[in-house]
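Just below is one structure, and these are the notes that go with it.
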Amino acid sequence: MSNRAQKLLADIKNKNARAIGKAISIVENETELCDDLLIGLSESEMPQYLVLGITGNPGAGKSTLTDKIIAHYRKQNQRIGIIAIDPTSPISGGAILGDRIRMMQHATDSDVVIRSMATRGRLGGLCSCAGATVRIMAASGCNPIIIETVGVGQSEIDIVSLADISLLVSAPGLGDDIQAMKAGLLEVADLLVINKADLPGATALFRDLQMLAREKEREITKTIASTGEGVDKLIKQIELLEKDYNESSYILKKREASKKKEIIDWSLEMVRAKLEKNIEHFALTNSDPRLQAKDFIKQHLKDMQ
Ligand SMILES: Nc1nc2c(ncn2[C@@H]2O[C@H](COP(=O)(O)OP(=O)(O)OP(=O)(O)O)[C@@H](O)[C@H]2O)c(=O)[nH]1
Ligand SMILES: [Mg+2]
């Protein structure tokens, strides 16, 4: 490991906010120091950490809930990492700005590390960069690390593979009922939350969700994130589940699967970069592009390193 990477890693461990930000940017942009830093990171002893994923429809109250969860852990003097995923979709444009505003009360707290991350242009989706970001935050002592993503596009599926425990937040009055929620997501999320329980329609939503959740026997927690009602109960459930997952070694299985997803995501990005570079010198023929693609791959992926 180079001296620069060593110094950066030491600064991260010393909770230096600039070093943490810089390291995440290095991974995001895959700049020169990236591999060196990641070697150092994977070789260093990591403190225990939990990755909490929070996903759900736009406007369901994820950020408000995250804010309350942060407050809970801060009361216990735990250092928290937050990764806000910006799906850069037209539906949720401006979501990140909103997130920032809602978490403002924690913005000056040096033990709350907040980072937003765009998925646009990342072929591999969210797991590559976000995975490394989680570990950078963990190395700086963050536990838990919360990833908030909007339930649109690929990122909410990714989050379930990246998180140890994932929360699916729904709320009444969003104009989109259960049917609109991705069925797959409903099945794989670890905890189901109905936020905005103060609004009419919450009971009907609860009933609908209950029918769907029955198979896996998951409890559904009602919260009013704006006042904090139900948040303590939700946190108890998270803690119980964490204990359960740890005792049954399920957490290890989950992390293995998540590592594999990260490897796929990084691979896709590397392959894409390589192919985009090499296509410039590819001699076109008259055959169909799909057939040429097979030749192209054969020629150019041999020497991937
Ligand atoms: N009535 C009511 N309003 C709430 C509750 N929780 C959040 N809100 C409001 O709902 C709106 C959306 O909340 P956010 O926390 O930004 O929701 P989000 O899911 O993070 O939204 P995106 O990140 O844009 O997808 C805000 O105006 C909140 O004040 C709740 O429990 N009850
Ligand atoms: Mg939000």
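Data table
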read-out	value
Residue count for the range 145-168, restricted to those that are more than 13 Å from ligand 2 (Cβ to nearest atom), part of a loop (DSSP other than H, G, I, E, B) and modelled with pLDDT under 75	2
Any pair with Cβ under 7 angstrom, 6 or more apart, that starts in the range 193-208 at a residue that is under 23 Å from residue 52 (Cα atoms) and in a loop (DSSP other than H, G, I, E, B) and ends at one that is of a type in the set (Lys, Arg) and at pLDDT 95 or above	197/222
In the range 209-244, residue least open to solvent (accessible area, probe 1.4 Å) [restricted to those that are assigned to a loop (DSSP other than H, G, I, E, B) and β-branched (Val, Ile, Thr)]	223
Which numbered condition residue 142 fails, given (1) of a type in the set (A, V, I, L, M, F, W, C); (2) at pLDDT 75 or above; (3) within 19 Å of residue 64 (Cβ to Cβ); (4) assigned to a loop (DSSP other than H, G, I, E, B)	(3)
Counted residues, the range 186-200 - those being of a type outside the set (Asp, Glu), open to solvent by 10 Å² or more (accessible area, probe 1.4 Å) and at pLDDT below 90	2
Candidate set: the range 92-119, residues that are assigned to a loop (DSSP other than H, G, I, E, B) and modelled with pLDDT under 60; chosen: the one farthest from ligand 2 (Cβ to nearest atom)	93
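The values are calculated or read from the model by the stated rules, or taken from the named source; none is laboratory data. Note that the structure is predicted; figures quoted are calculated from it, not measured. Note: ideal-geometry Cβ built from the backbone for every residue, glycine included; neighbour counts use all protein chains shown. Note: accessible area is taken over every heavy atom of the protein model, side chains too, but ligands, DNA and RNA are not part of it. Shrake-Rupley method; radii C 1.70, N 1.55, O 1.52, S 1.80 Å.
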